[in-house]
1. Looking only at the range 157-172, count every residue that is closer than 19 Å to Leu203 by Cβ and open to solvent by 40 Å² or more (accessible area, probe 1.4 Å) and tell me the total.
2. Does the range 115-126 include one or more residues that are small (Gly, Ala, Ser) and crowded, with 17+ Cβ neighbours inside 10 Å?
3. Please work out which one of (1) open to solvent by less than 40 Å² (accessible area, probe 1.4 Å); (2) in contact with a Leu (Cβ under 8 Å, 6 or more places away or on another chain) is the condition Val145 fails and give its number.
4. Of the residues Arg19, Arg49, Arg69, only one is over 23 Å from His192 (Cβ atoms), surrounded by 14 or more Cβ atoms within 10 Å (Cβ to Cβ), among the charged types (D, E, K, R) and in contact with a helix residue (DSSP H, G or I) (Cβ under 9 Å, 6 or more places away or on another chain); which?
5. Which ones in the range 105-162 are in contact with a Gly (Cβ under 8 Å, 6 or more places away or on another chain), of a type in the set (A, V, I, L, M, F, W, C) and under 29 Å from Ser243 (Cα atoms)?
6. Filter the range 193-211 down to residues that are touching a residue at least 24 places away in the same chain (Cβ under 8 Å) and open to solvent by 50 Å² or more (accessible area, probe 1.4 Å) and give me whichever is nearest to the chain's Cα centre (by Cα).
7. Taking Pro232 as meeting all but one of (1) open to solvent by 40 Å² or more (accessible area, probe 1.4 Å); (2) more than 16 Å from the chain's Cα centre (by Cα); (3) over 24 Å from Ala100 (Cβ atoms), write down the number of the exception.
Amino acid sequence: MRLAFVVEYRGGRYLGWQRQRDGRTLQGEVEAALGYVADHPVTVVAAGRTDAGVHASAQVIHLDTVAERPQHAWLFGVNSRLPRDIAMRWCAPVDETFHARFSATARAYRYSIVNRRLRPALLHEVCAWERRPLDAEAMNRAAQVLVGEHDFSAFRAAGCQARSPVRRVTRIDVRREGDLVVLEITANAFLHNMVRIVTGALLRVGRGEASAAWVAQVLAGRDRRGGGTTAPAQGLCLCAVHSPERFAVPASGGDTPAFLLP
């Protein structure tokens, strides 16, 4: 039997999603809790391998198991075994053709920045901080050049292992919500560090250090050395994973968690 889950987590205490030989990972914690409830070792597949420090409100995973448990037993049983910064939000049996990674048709990320002169305390684990004033409208205008299918070589980490740098961005929006500047971006898939590098470039625009034309030049140049810095991990959250309706897996798992709201 194949089961799909929607998981939320804060990534600050972990070395990213993917299991590693040494160090604490989200996959390791999730597999240990699921294996306890299933009463056998399990291996999970995730829609996206979030990096160290990155959060998720709707990470989608799947696993195969011979264990038969009611839905509430999976959810409450697994959550009772997970650390407080990881929680299951939804689960259900799915067709065996469903694959958390390969069935995903789009993913959405949110990058949150506290934009004020004094550093934040309550949001310091889930938001980046920029003390200089940001022009969110200018950032939004500059971001629109990224919409569509492009070669995003200028916005990929040096160690990115993706075979192709071409991705299709369907939506990008930058807006101000009080002291927060929020970037939301949806694409069919993302390159390694792509959202954080895009954010770093748009921050230059927001601070008045670069123009919208510069972002277009960076994109056209296809050279990572021509872009801005990589924004910090703690501001990034995987917010939705879309898959075909026939699988009935919710894209977001429910309402946005309170810690991500302004």
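The values are calculated or read from the model by the stated rules, or taken from the named source; none is laboratory data. Please read these numbers as outputs of a predicted model, since none were measured by experiment. A quick note on method: Cβ atoms are made from the backbone with ideal geometry, for glycine too, and the neighbour counts reach across all protein chains shown. Side chains included, ligands, DNA and RNA excluded: accessible areas come from the protein's heavy atoms. Shrake-Rupley method; radii C 1.70, N 1.55, O 1.52, S 1.80 Å.
1. Final tally of qualifying residues: 0.
2. The answer is no, given that none of the residues of the range 115-126 is small (Gly, Ala, Ser) and crowded, with 17+ Cβ neighbours inside 10 Å.
3. Among (1) open to solvent by less than 40 Å² (accessible area, probe 1.4 Å); (2) in contact with a Leu (Cβ under 8 Å, 6 or more places away or on another chain), Val145 violates only (1).
4. None of the other options fit; the residue is Arg69.
5. Passing the criteria: Ile113, Val126, Cys127, Ala154, Phe155.
6. Among residues in the range 193-211 that are touching a residue at least 24 places away in the same chain (Cβ under 8 Å) and open to solvent by 50 Å² or more (accessible area, probe 1.4 Å), the one nearest to the chain's Cα centre (by Cα) is Arg204.
7. Pro232 satisfies all of (1) open to solvent by 40 Å² or more (accessible area, probe 1.4 Å); (2) more than 16 Å from the chain's Cα centre (by Cα); (3) over 24 Å from Ala100 (Cβ atoms) except (2).
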